[in-house]
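The values are calculated or read from the model by the stated rules, or taken from the named source; none is laboratory data. A quick note: this is a predicted structure, and the numbers were derived from the prediction, not measured. Every residue, glycine as well, gets a Cβ built from its backbone with ideal geometry; the counts of neighbours run over all protein chains shown.
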């Protein structure tokens, strides 16, 4: 996967001083990079029965529908409050610098459905853990959580105990 890492732009001091931001837009615009990313994420779950792939706003929307297509599954969006038109359920969770809220349609996941959660980045794990709770609250079964990039030094996996976590690209520091 080193060839994919070479396509990611590193932006120092963004969004604030001392942060090194891994910008995946440079990977996404590369046709072979995008294909490699989608293929790599989907291949990890090719033998796992998946009913729906849940994509987290906003960058999870880039990968989740393509992975759902590859796996023969449906796609479910998880959005910021006020963006979904029908009845929703929501969860608020803590971030390292405040809090956030996510919503999902109440009828998006049926009891017993097998759900794969997909997002671009696993950092501290707060967003992914909130998605796990949303799925469980609707009676779904989380079969895994897949990420394009994982920042290992932030230990986000610890917040996803009991969930199969797969990251295509990992950064130790």
Filtered residues of region 11-54 (kept if at pLDDT below 95, over 17 Å from residue 150 (Cβ atoms) and touching a strand residue (DSSP E or B) at 6+ places or on another chain (Cβ under 8 Å)): 14, 15
Residue count, region 146-162 (criterion: buried (at least 19 other Cβ atoms within 10 Å of the Cβ) and part of a loop (DSSP other than H, G, I, E, B)): 0
Lone qualifier among 92, 99 - being within 30 Å of residue 136 (Cβ to Cβ), surrounded by fewer than 11 Cβ atoms within 10 Å (Cβ to Cβ) and either under 16 Å from the mean Cα position of the chain (by Cα) or modelled with pLDDT under 95 (or both): 99
Test: residue in region 134-141 that is buried (at least 18 other Cβ atoms within 10 Å of the Cβ) and closer than 13 Å to residue 56 by Cα: yes
